[in-house]
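Colleague: Handing you a structure now.
The values are calculated or read from the model by the stated rules, or taken from the named source; none is laboratory data. In this text, all values refer to a predicted model and were calculated from it rather than measured experimentally. Here the Cβ is made from the backbone with ideal geometry for all residues, glycine too, and neighbour counts use every protein chain on show. With ligands, DNA and RNA removed, areas are computed over all heavy atoms of the protein, side chains included. Shrake-Rupley method; radii C 1.70, N 1.55, O 1.52, S 1.80 Å.
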Amino acid sequence: MSQGLPTHPAGGGARARDAAQAGVLVSARGLEVHFPLGGGTIWDRLTGGSPVARVVKSVDGVSLDIRAGETLGLVGESGCGKTTLGRALLRLVEPTGGTVHFDGIDVTALSSADLRRARRRMQMIFQDPYASLDPRMSVGQIIAEPIETFHLATGAATRERIRELMSVVGLSERFINRYPHEFSGGQQQRIGIARALAANPEFIVADEPISALDVSIQAQIINLLERLQRERQLTYLFISHDLRAVRHTSDRVAVMYLGRIVELAEATALYDQPLMPYTQALISAVPVPDPVVEGTRRRIVLEGEVPSPVNPPSGCRFRTRCRYAVGACAEVQPALAEVRPGHFVACIRVSPEYPDIERVPAGATPGLPA
């Protein structure tokens, strides 16, 4: 079942306003990615019964818009479907339902040849920089591959383009004939960024681009990505576990839980006043670099394990770990609803009249449609 898609008004900040005026570049509607599990259960094999079809619902009915020129941050616990969603937007994994439109083009309906041409405008920076680089290819060959694939240059023009890209990402051209294993993690990520830029894309999915790097290098890569965005008018989907990095880089932030978007807002609003109980727990886990504040603020610890994406809970998927859950939470699958201007939450216990869940009357569900 698809989440209801809100219309997103302009968020805060100059970049968000400019993006709103430019319009939506990437749009997903009811996007699903389900992975089948074969073999049935042990009971099926022992009894010879027919195995029940089971699927991992990695992405299950996601609808969202990414505006041209903005950075949309995507956060959530491991296994919630963030990476799969990013790959599905580029059709690096095939969606099993829903649609993805890029600049008005239905990506999910493109033929293989048309998709290949469209991919020049959509690129990805991978989480593990070393694993994403072919160890048998030199830096020059790695960066040249998309240039040659999309016929953007030949001969001397290709070599000049490679040198330019290496300079842009902060690599010396004297490294052009070296191989990935000869570089540090930060340098390997710069090579991956140069490869992504080689095709002159408009949209980049940055999948945990700093998680495998030393803390001293993370700020350099973030600054590089921000500079490239300003200079090349890029649009980012920034996927990360690092909530501080997401707050710093993103115009808006989407929070994902067990295959679905549960909160979406302008970055400052979401971090200052999270409305969804799951988001509140995530934000409370971010350390504050002030010992006085850190010692007095409330830490929200979630109880229980994350449910299986093979058999998610009925209704609200977070209800099994939510201290505010009521009976109706098991019966109603909440859709994203605008609780505050530009702030959308999937929770039947909050509403424009009662945005603070702690002030909602006991047992009340003001977020349910009349």
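Colleague: By the gyration tensor of its Cα atoms, with a ≥ b ≥ c the square roots of the eigenvalues, what is the shape of the range 179-334: rounded for a/c under 1.5, prolate for a/b over b/c, or oblate? Intermediate results must be reported in sequence, preceding the final value.
Modeller: Numbers: a/c = 2.15, a/b = 1.70, b/c = 1.27.
Cα axes put the range 179-334 in the prolate bin.
Colleague: Right, next: Calculate the FRET efficiency for SER138 and LEU37 from the Cβ-Cβ distance with a Förster distance of 41 Å, rounded to the nearest 0.05.
Modeller: 0.50
Colleague: With a point put 7 Å past each Cα toward its Cβ, work out how far GLU303 is from ASN200 in nm, to one decimal.
Modeller: About 5.9 nm, to one decimal.
Colleague: Out of all DSSP beta bridges in the chain, what portion is antiparallel? Express it as a percent rounded to 5.
Modeller: 65
Colleague: Taking Cα atoms, how many degrees apart are the long axis of helix 155-168 and the longest axis of the chain, rounded to 10 and kept between 0 and 90?
Modeller: 50
Colleague: If you don't mind, there's one more thing I want to ask. Using 0.36 nm per residue, how much length does the chain from TYR324 to GLU145 gain when fully extended, once their Cα-Cα distance is taken away?
Modeller: Working: separation 179, 0.36 × 179 = 64.44 nm, distance 5.24 nm.
The TYR324-GLU145 span can extend by a further 59.2 nm.
Colleague: Per DSSP H run of at least 4 residues, take -39500 (n - 2.57); add these up for the chain, divide by its residues and hand me the 222 nm value, nearest 500 deg cm²/dmol.
Modeller: Working: 12 runs with 113 residues, N = 370.
Taken over the chain, the calculation gives -9000 deg cm²/dmol.
Colleague: Ok, one more. Note the angle between two axes, namely the Cα long axis of helix 185-197 and the longest principal axis of the Cα atoms of the chain, as a number of degrees from 0 to 90, rounded to the nearest 10.
Modeller: Once rounded, the angle reads 80 degrees.
Colleague: So what's the angle, to the nearest 10 degrees on a 0 to 90 scale, between helix 215-232 and the longest Cα principal axis of the chain?
Modeller: Taking Cα atoms only, the helix is inclined about 80 degrees.
Colleague: Hey, how many Å between the Cα centroid of the range 87-140 and the Cα centroid of the range 294-318?
Modeller: 32
Colleague: Using the Kirkwood radius over C-alpha pairs as Rh, can you work out the diffusion coefficient of the range 271-370 via Stokes-Einstein at 25 °C, viscosity 0.890 mPa s, in µm² per second?
Modeller: 167
Colleague: Work from the charge dipole of the chain (Cβ charges, +1 for Lys and Arg, -1 for Asp and Glu, about the Cα centre) and give the residue of ALA196, SER112, PRO36 farthest towards its positive end.
Modeller: Most positive-ward Cα: SER112.
Colleague: Sorted by packing (mean other beta-carbon atoms within 10 Å per residue), highest first, where do 60-67, 210-217 land?
Modeller: In decreasing order of mean packing, 60-67, 210-217 become 60-67, 210-217.
Colleague: Suppose R0 equals 22 Å; then what is the FRET efficiency for ARG163 and ARG227 from their Cβ-Cβ distance, rounded to the nearest 0.05?
Modeller: Working: r = 19 Å, r/R0 = 0.84.
With a Förster radius of 22 Å, E is 0.75.
Colleague: With label points built 7 Å along Cα→Cβ from the Cα atoms of ARG174 and ARG121, find their separation and express it in nm.
Modeller: Using points 7 Å along Cα→Cβ, the separation is 4.1 nm.
Colleague: Something else now. Using unit Cβ charges (K, R positive; D, E negative) and no other charged atoms, how large, in debye to the nearest 20, is the dipole of the chain about its Cα centre? Working shown, then result.
Modeller: Working: 40 positive and 39 negative charges, 58 e Å.
That gives a dipole near 280 debye.
Colleague: If you count only protein heavy atoms with a 1.4 Å probe, what accessible area per residue comes out for the chain, rounded to a whole Å²? Don't skip to the end; give the middle numbers.
Modeller: Working: 17060 Å² over 370 residues.
Averaged over the residues of the chain, the accessible area is 46 Å².
Colleague: Taking only C-alpha pairs under 8 Å that are 6+ residues apart, what is the relative contact order of the range 135-202 in percent?
Modeller: 48
Colleague: So, R0 is 30 Å and r is the distance between the beta-carbons of HIS248 and SER112; what FRET efficiency does that work out to, to 0.05?
Modeller: Using R0 = 30 Å, I get an efficiency of 0.20.
Colleague: Before anything else, pin down the relative contact order of the chain: Cα pairs under 8 Å, at least 6 apart, normalised by residue count, whole percent.
Modeller: 19
Colleague: Would you work out what percent of the accessible area of the chain, with all protein chains in place, is carbon or sulfur (probe 1.4 Å)?
Modeller: Roughly 52 percent, rounded to a whole number.
Colleague: If you count, for each residue, the other Cβ atoms within 10 Å and average over each peptide, how do 269-277, 343-351, 100-108, 328-336 line up from highest to lowest?
Modeller: Values: 269-277: 20.7, 343-351: 25.0, 100-108: 16.9, 328-336: 18.4.
In descending order of packing, they fall as 343-351, 269-277, 328-336, 100-108.
Colleague: Which whole-Hz ³J(HN,Hα) couplings does the range 331-340 yield from phi under the Karplus relation 6.51 cos²θ - 1.76 cosθ + 1.60, θ = phi - 60°, glycine and proline marked x?
Modeller: Karplus-based 3J(HN,Hα) across the range 331-340 equals 9, 10, 8, x, 9, 4, 10, 7, 8, 10 Hz.
Colleague: Quickly rank 117-130, 145-158 as a protection proxy: mean count of other C-beta atoms within 10 Å, highest first.
Modeller: 117-130, 145-158
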